[in-house]
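The values are calculated or read from the model by the stated rules, or taken from the named source; none is laboratory data. Source: prediction; values computed, not measured. Here the Cβ positions follow ideal geometry from the backbone for every residue, glycine too, while neighbour counts run over all protein chains shown. The area values use the complete protein model at the heavy-atom level, side chains included, leaving out ligands, DNA and RNA. Shrake-Rupley method; radii C 1.70, N 1.55, O 1.52, S 1.80 Å.
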Amino acid sequence: MLNEMSGGEAIARMIKAFDGGPIFGMGGFQLLPFYDAARRLGLSHYLINDERAGVFAADAYAKVSGRVGLVDATVGPGATNLVTGLVEALNAGTPMVALVGNTHRDHSWKNMTQECRQVDILRPACKELIRIESVERIPELMRRAFAVATSGRPGPVVVDIPEDVSHGTAVFDPAAFSAPKANRTAAALRCRPDGAAIAKATQMIAEARRPVILAGGGVHLSGAAEALTAFSRSLNIPVAHTLTGKGAIPCSDPLSAGLFGRYDRIANTIIEESDLILAVGCKLGEIATKRYTVPGTGKRIIHLDNVSEEFGRTVQPELVLWGDALLGILDLGNALAIDAERISGRNADWATGIPRRMTAWREDVAPRLHSAEIPVSMARLMTEINAVLPADGFLVADGGFAAHWGGLLFDTKQAGRAFVPDRGSASIGYGLPGAMGVAMAAPGRAVFSLTGDGGFNMMLGELETARRLDLTFTIIVVNNAASGYVKALQHLVYGPGSYHASDLLETDYAVVARALGCTGIRVEDPADLSQALRTALATKGPTIVDVVVTRDPARMLPGVDNRAVVIKKGDRVA
């Protein structure tokens, strides 16, 4: 039976066909028919207070669930407010579909209210921009949007919807609203690396004496963490990770060398001593390579990635494996299985050195990890988070040093994505909406989110959204009354007292939280941290733990050991 419906309803029916998850949005006239259809069809569609928060929440939801993140915005300022979050999703490989209303085509460029060149603005911020010019083509183009979002390196797709397409009508056969099940999640399409390249990589790994694996965020995009952990253990190969690659192997595993790059525990030394590097799902960008100095020159590198443009971008590999991370690891494991026992035994001395070095590192930095100093040290805060957060819990990390401290010191206890930083654009403001998205992706599991006071200030209004959505999570505010990263860099580069436009007023965020109807806990003494975090964990609804941390800019940058920073003219040191 044929049905006549609006373009907005056709879009809603396609999202329903894909079993779409939560949609975060702020409406306008252009998308009213979609909103009405979302109500009638029972879609999980939620008002947010700022489109930036909506796209961040959709990004975090997709990062954890693997499903397509969904967000909508109205014409003009609504659309442009999506840009930062779209860039995050584009650079991080997050599957997302963003619906954006646009002006009526009969009146475009006649100074329509809120009109701007949003297509030109949004196009470079997304994987693909699809403008719908015909109501009849909505099912086809929405299928295209989900397919592009979930294939290859996943990414955000913007669907630009003119007012007259949204409000216009067409007659549809119910069969038109079909949706391939594969495109509900990423990775929708997988391809194996070339067989000859796998054979060559197998030989290189079999001959290496000190191999190391560098795991990036692509491991999680591919769902390869458990396979990579098994591969590493079967051959006794240590694993170091990027910020987004944390959890590719449990941090508690004896083979985990921890974070590498700009900040590390022991990993950079392991990389320097290695004779073969297997980089998996890793772009080897500025942070991971310590501004292109790690790995050092002359290293033998095998690079496994499903985006060919990444090969040789920053480091020239000896061998490339173009394909899916999960399938590539499985193929390498199968090819090496016959020789695994010999390789594992040969690597034993190299591998057993990892936990010895890690133990020595922990002993060396123990005074910082367990510091009783007041204000609270970041290292002590991270130690207490590690002790309280359950093995299946999540730590969201805002941009700035929340992500770097978390990346350096947070320990995952099982394979998989438990650390959720916004490293695609490293924007501050991600902490609160990120916690909302993770809580919706993993209901019933503990969610902590680490954010600076500056980032929290940006998104305070979303506490109302979180209450309205009945979400439970804990925001840990790193309260240093400053734009901490900037102030620390000013101190490092220009010297003590050389601070400008980097201080904030002292604010009690526990009081702010209570004023907004949430639970608020203030911590000024590190002895109170454990109980505060445990109380938050047992509390229903959004809880804000306001932790007063050091105001000393010399102690703000991540790092707990005694290595000095050497600055040369032109260096970016953090």
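Residues with beta-carbon under 14 Å from that of Thr539, excluding Thr539: net charge, scoring Lys, Arg +1 and Asp, Glu -1? Each step should come with its number before you reach the end.
Values: positive: Arg467, Arg514, Arg534, Lys540; negative: Asp470.
Taking every Cβ under 14 Å from that of Thr539, the sum is +3.
Using the Cα gyration tensor of the stretch 195-358, with a ≥ b ≥ c the square roots of its eigenvalues, what is the shape: rounded (a/c below 1.5), prolate (a/b larger than b/c) or oblate (neither)?
On the way: a/c = 1.32, a/b = 1.04, b/c = 1.26.
Rounded, since a/c falls under 1.5.
Could you state the number of Å between the C-alpha centres of the stretch 471-537 and the stretch 308-334?
That distance is 41 Å.
Which pairs, out of Lys127/Lys200; Lys246/Lys299; Lys283/Lys540; Lys127/Lys413, put more than 29 Å between their alpha-carbon atoms?
Values: Lys127/Lys200 33 Å; Lys246/Lys299 23 Å; Lys283/Lys540 39 Å; Lys127/Lys413 33 Å.
Violating the 29 Å Cα-Cα cut-off are Lys127/Lys200; Lys283/Lys540; Lys127/Lys413.
Using DSSP, restrict attention to beta bridges with both residues in the chain and report what percent are antiparallel, rounded to the nearest 5.
Details: 6 of 72 bridges.
Around 10 percent antiparallel, to the nearest 5.
By how many degrees, between 0 and 90 and to the nearest 10, does the Cα long axis of helix 348-369 differ from the longest principal axis of the chain?
The angle comes out at about 80 degrees.
Carbon and sulfur atoms: what percent of the 1.4 Å accessible area of the chain do they account for?
Details: 11380 of 21700 Å².
Whole-percent figure for carbon plus sulfur exposure: 52.
Can you list residues from other chains, or at least 5 along the same chain, whose modelled amide H is less than 5 Å from the amide H of Asn102?
Under 5 Å from the amide H of Asn102: Ile161, Glu163.
Out of all DSSP beta bridges with both ends in the stretch 195-358, state the antiparallel percent to the nearest 5. Walk me through the numbers before you get to the answer.
Details: 0 of 19 bridges.
So the antiparallel bridges amount to about 0 percent of the total.
Before anything else, pin down the relative contact order of the chain: Cα pairs under 8 Å, at least 6 apart, normalised by residue count, whole percent.
This gives 13 percent for the chain.
Provide the per residue accessible area, probe 1.4 Å, for the chain, rounded to a whole number of square angstrom.
Normalised by residue count, the accessible surface of the chain is 38 Å².
When Lys and Arg each count +1 and Asp and Glu each count -1, what net charge do the other residues less than 13 Å away from Cys191, Cβ to Cβ, add up to?
Working: positive: Arg153, Arg190, Arg192; negative: Asp194, Asp305, Asp324, Asp331.
It works out to a net charge of -1.
Give the label of the value calculated from the structure for percent of Cα pairs over 49 Å apart, choosing from (i) 28; (ii) 11; (iii) 18.
Correct label, based on the coordinates given: (ii).
Beyond 25 Å, what share of the Cα-Cα pairs of the stretch 4-183 is found? Please give it as a whole percent. Please list the in-between numbers first.
Values: 3696 of 16110 pairs.
When every Cα pair of the stretch 4-183 is considered, 23 percent fall beyond 25 Å.
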